[in-house]
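The values are calculated or read from the model by the stated rules, or taken from the named source; none is laboratory data. Because the structure is a prediction, the values reported are computed rather than measured. Here the Cβ is made from the backbone with ideal geometry for all residues, glycine too, and neighbour counts use every protein chain on show. Surface accessibility is based on the protein's heavy atoms, side chains included, excluding ligands, DNA and RNA. Shrake-Rupley method; radii C 1.70, N 1.55, O 1.52, S 1.80 Å.
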Amino acid sequence: MDIDNWKYYCYNQTTSVINFIKTFSEDYKVAAFFPSTKFAAKKIASEIKPEYKVVVEYGAGDGAVTKELLKVLPADGKLIAVELNSNFVKELQKINYKRLEIISDDVVFVSKNLSIYGQIDMVISGISFTLFKPQTREKIISDSYKSINEGGRVLLYQYYLLMLPYMRKACGKNIRWYIEPRNIFPYWVMIAEK
């Protein structure tokens, strides 16, 4: 990478972090201090099976993970990005992919009504479940799991394993988890397969 490209890259990364922190400071529902790193986003995206056509992303934020998900989805695939924060919705709209549908709504409502989006292969979530009551956490996971196709997945990436018992209760025992250390704060990645 030449020096001009490096400067452009550094400027964009710095601007992204500053905008993310600004949004975080204005909205208590934004639980991440920093956007996901490219390493973590690629690792999360690698969990999409090649045959998956429709993926739903809860809490798409500024699109760091969204962009990587779009790269691995098949040409006829579709990504439904759910984001409530208006600043982040504006950032997502800049991505401008035909295969990206942005839903500016509450994940509690969307998870209850996933069937209106057709056959869902995978739900990916980076939302902070600490903002919800325990019953709501369980309902979001349960509704999401019930809505995915056979062979589909629910993937959560979180700063801690708070949601693992909820996933076990809603999704059964076919759950695996690992840590993705290449993020500013490492992610616990939890995956339930139907």
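Among all positions in region 184-192, there is at least one residue which is open to solvent by 80 Å² or more (accessible area, probe 1.4 Å) and within 20 Å of residue 65 (Cβ to Cβ).
Return the residues of region 117-132 that are at pLDDT 95 or above and more than 17 Å from the chain's Cα centre (by Cα); say none if nothing qualifies. The answer is 119, and nothing else.
Given the structure, is residue 7 at pLDDT 95 or above, farther than 21 Å from residue 186 by Cα and not β-branched (Val, Ile, Thr)?
Values: at pLDDT 95 or above: no; farther than 21 Å from residue 186 by Cα: yes; not β-branched (Val, Ile, Thr): yes.
No: the conditions fail for residue 7.
Checking region 116-128 against the condition returns no match, with no residue being more than 22 Å from residue 81 (Cβ to Cβ) and free of Cβ contacts under 8 Å to residues at least 60 places away in the same chain. Which members of region 100-110 meet the condition of being in a helix (DSSP H, G or I) and open to solvent by 20 Å² or more (accessible area, probe 1.4 Å)? Residues satisfying the conditions are 108, 109. Residue 24 passes every criterion in (1) surrounded by fewer than 14 Cβ atoms within 10 Å (Cβ to Cβ); (2) modelled with pLDDT under 95 apart from (1). With a requirement of 1 or more residues that are open to solvent by 80 Å² or more (accessible area, probe 1.4 Å) and either more than 20 Å from residue 46 (Cβ to Cβ) or hydroxyl-bearing (Ser, Thr, Tyr) (or both), the strands (runs of 3 or more DSSP E) lying completely within region 111-182 that satisfy it span 148-158.
Contact annotation: residue pairs with Cβ atoms under 7 Å, 6 or more positions apart or on different chains, pairing a residue in region 73-99 that is in contact (Cβ under 8 Å) with a residue 40 or more places away in the chain with a partner that is of a type in the set (S, T, N, Q) and surrounded by 13 or more Cβ atoms within 10 Å (Cβ to Cβ), are 84/104; 85/23; 87/23; 88/23.
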